[in-house]
Amino acid sequence: MKVITVPLAYTNCYLIQAAQGWILVDAGRQSVAKLFQRQLGKLGIDSTDIKLIIITHAHFDHVGSLAQIKDLCGCPVLAHPLEARIIEAGEVVIPPGTNWLGNMVSWVGKRSTRMLGFAKTTVEITADDEYDLTPFGVAGKIIPTPGHTPGSISVLLEDGQALVGDLAMNMVFRSHIPIFAEEPSQISSSWEMLINKGATVFYPAHGRRLPISKLRGIKDSGSV
Ligand SMILES: [Zn+2]
Ligand SMILES: [Zn+2]
């Protein structure tokens, strides 16, 4: 199944090809709607070809431009109900760190929440359990994968590609545990659940694609 990475500042969004059109996963930080439009133009995709926006979780770097991008696409938004509440309130949530870098950024973030505000948006579809994407023309489903946030979800495609939001990261650290997590003890069980359900490669929102072979053996280490 075709998955295209759309880098928006420091957050990757992903486009999944559907039977008719595309599904967008995540919507970047604030002020990236124009960049998103340019990226779509380069790909030869019209924003109205996007039929659904899935939000993996409600952090500002994933929903900052959601209101504007949703206007461009004119399509519904799907999220876990716990995250939908935050999106609809326009609330900035800064999670605790899981290592020294995360702790530092979290400390700064908690003192900058006013700067990180984003426009409220309505979430039309909520999913707190597995949710089949076949009606949207995609062979895959949404799986709740708590850990980074309680309402984090992943998109697992039938061919093993998994779009995991911030459940895993692939940046400077050898560990792929996200540098922030509200429920760090659940990260490795969510990884395992996705793998048991057939995931072979993770697409994190921060960093490059991550074959699951890279996750094995380090899943119990809670920090780097
Ligand atoms: Zn996050
Ligand atoms: Zn993020």
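Under a cut-off of 21 Å between alpha-carbon atoms, report the lysines in cross-link reach of Lys2, not counting same-chain residues fewer than 8 places apart.
Those lysines meeting the cut-off are Lys42, Lys51, Lys141, Lys197.
Kindly provide the helix-only [θ] at 222 nm of the chain, computed as the sum of -39,500 (n - 2.57) over DSSP H runs of four or more divided by all residues, to the nearest 500 deg cm²/dmol?
-6500 deg cm²/dmol
Three principal axis extents, largest first, for the C-alpha atoms of region 47-119, in Å?
Ordered largest first, region 47-119 gives principal extents of 41, 21, 20 Å.
Looking at the P(r) of region 1-109, how many percent of alpha-carbon pairs lie beyond 21 Å?
36
Quick check: at a probe of 1.4 Å, how many percent of the accessible area of the chain sits on carbon and sulfur atoms?
52
When DSSP beta bridges are limited to those with both residues in the chain, what percentage is antiparallel, rounded to the nearest 5?
65
Let me see the P(r) profile for region 3-214: every Cα-Cα distance counted, bins of 10 Å, each bin given as a percent of all pairs.
Pair shares across the bins are 9, 38, 39, 13, 0.
Give the accessible area for Asp132 in Å² (nearest 10); use a 1.4 Å probe, count only protein heavy atoms, and leave out ligands, DNA and RNA.
80
So what's the Cα pair-distance distribution over region 125-224, bin width 5 Å, in %?
The distribution over region 125-224 is 3, 15, 25, 27, 18, 8, 4, 1, 0, given as percents.
What order, most packed first, do the peptides 123-131, 170-178, 111-119 have when packing is the mean number of other Cβ atoms within 10 Å of each residue?
Packing order, densest peptide first, comes out as 170-178, 123-131, 111-119.
The values are calculated or read from the model by the stated rules, or taken from the named source; none is laboratory data. This is a predicted model, so every value here is computed, not measured. In this analysis, Cβ positions are derived from the backbone assuming ideal geometry, glycine residues included, and neighbour counts consider all displayed protein chains. Ligands, DNA and RNA are excluded from the accessible area calculation, which covers all protein heavy atoms including side chains. Shrake-Rupley method; radii C 1.70, N 1.55, O 1.52, S 1.80 Å.
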